[in-house]
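This report refers to the structure that appears directly beneath it.
The values are calculated or read from the model by the stated rules, or taken from the named source; none is laboratory data. Bear in mind that the values here come from a model prediction, so they are computed numbers and not experimental data. Cβ atoms come from the backbone with ideal geometry, glycine included; neighbour counts cover every protein chain shown. Keep in mind that these areas ignore ligands, DNA and RNA; they rest on the heavy atoms of the full protein, side chains included. Shrake-Rupley method; radii C 1.70, N 1.55, O 1.52, S 1.80 Å.
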Amino acid sequence: MTAKFFEKLSNNYLELLEDKDDFNVIIKIGEAPNDKVFQAHSAILKHRSLYFHNELKIADKDKNNIKTINLKNISIQQFEIIIKYIYGGIVLLENLDASFIFELMIVACELILEELVKYLEIFLIESNAHWLRLHFNRIYQESFQNKTF
């Protein structure tokens with residue numbers, strides 16, 4: 001028999017995200033004055049996202065052996081959801097409108113987070129079908145620009 005302790009594991013990784021020691025990646029989100037710096041761990045980023053895997057290969061280290069990644073076209077709120085997904089496998093969508101979730105899905109696709117993209121797609125279809133019908137043109141255009149949808 002196999003025992004699975006994913007909830008505790010998830011919480012431990014989220015605690016690691018909050019730990020300001022031992023990080024080796026800085027992720028700069030947005031542009032001033034709406035910017036924020038996140039500290040992360042390359043081992044987790046590389047294994048959870050092909051995008052980060054590729055970016056970390058080419059990013060230069062500073063004098064403290066820290067790599068920096070700039071993501072100017074992502075909002076702080078979007079990235080907070082994404083980094084919690086990357087570390088803890090948790091996505092909280094309560095109180096978020098369908099337009100934000102749709103934009104989050106586009107960002108997740110850009111960061112090559114296929115599992116999250118699929119989850120958000122299903123969530124939008126099952127919970128926001130009316131919004132999807134009202135914004136069909138926008139969704140149609142994005143779908144053709146992005147082959148993942």
- Message: Filter region 41-78 down to the residues that are open to solvent by 60 Å² or more (accessible area, probe 1.4 Å), more than 22 Å from D21 (Cα to Cα) and outside any helix (DSSP H, G or I) and list them by number.
- Response: K72, N73
- Of the conditions (1) buried (at least 17 other Cβ atoms within 10 Å of the Cβ); (2) in a helix (DSSP H, G or I); (3) in contact with a Leu (Cβ under 8 Å, 6 or more places away or on another chain), V107 clears all except one; give me its number. (3)
- Return the only residue of I83, I122, I112 being open to solvent by less than 40 Å² (accessible area, probe 1.4 Å) and outside the structural domain of N24 (by the TED database). I83
- Note on the structure: Taking region 133-149 and the residues there that are closer than 20 Å to Q78 by Cα and hydrophobic (A, V, I, L, M, F, W, C), the one that is modelled with the lowest pLDDT would be F149
- Failed item in (1) of a type in the set (G, A, S); (2) modelled with pLDDT of 95 or more; (3) exposed (fewer than 12 other Cβ atoms within 10 Å of the Cβ), with A129 passing the rest: (2)
- Message: Cβ-Cβ distance below 9 Å, separation of 6 or more or different chains: which pairs start in region 9-24 with a residue that is exposed (fewer than 11 other Cβ atoms within 10 Å of the Cβ) and end on one that is part of a helix (DSSP H, G or I) and not β-branched (V, I, T)?
- Response: D22/L16
- Query: Among the residues of region 86-95 satisfying the criterion of being open to solvent by 50 Å² or more (accessible area, probe 1.4 Å) and free of Cβ contacts under 8 Å to residues at least 60 places away in the same chain, which is nearest to E18 (Cα to Cα)?
  - Reply: L92
- Task: Please list, ordered by first then second residue, the pairs with beta carbon atoms under 6 Å, 6 or more apart or interchain, first in region 31-55 and within 19 Å of Q78 (Cα to Cα), second at pLDDT below 95 and open to solvent by 80 Å² or more (accessible area, probe 1.4 Å).
- Result: E31/K72
- Message: Looking only at region 79-104, count every residue that is in a helix (DSSP H, G or I) and out of contact with any strand residue (DSSP E or B) (no Cβ under 7 Å at 6 or more places or on another chain) and tell me the total.
- Response: 15
- Return the total of residues in region 48-73 being under 16 Å from the mean Cα position of the chain (by Cα), of a type outside the set (K, R) and at pLDDT below 95. 1
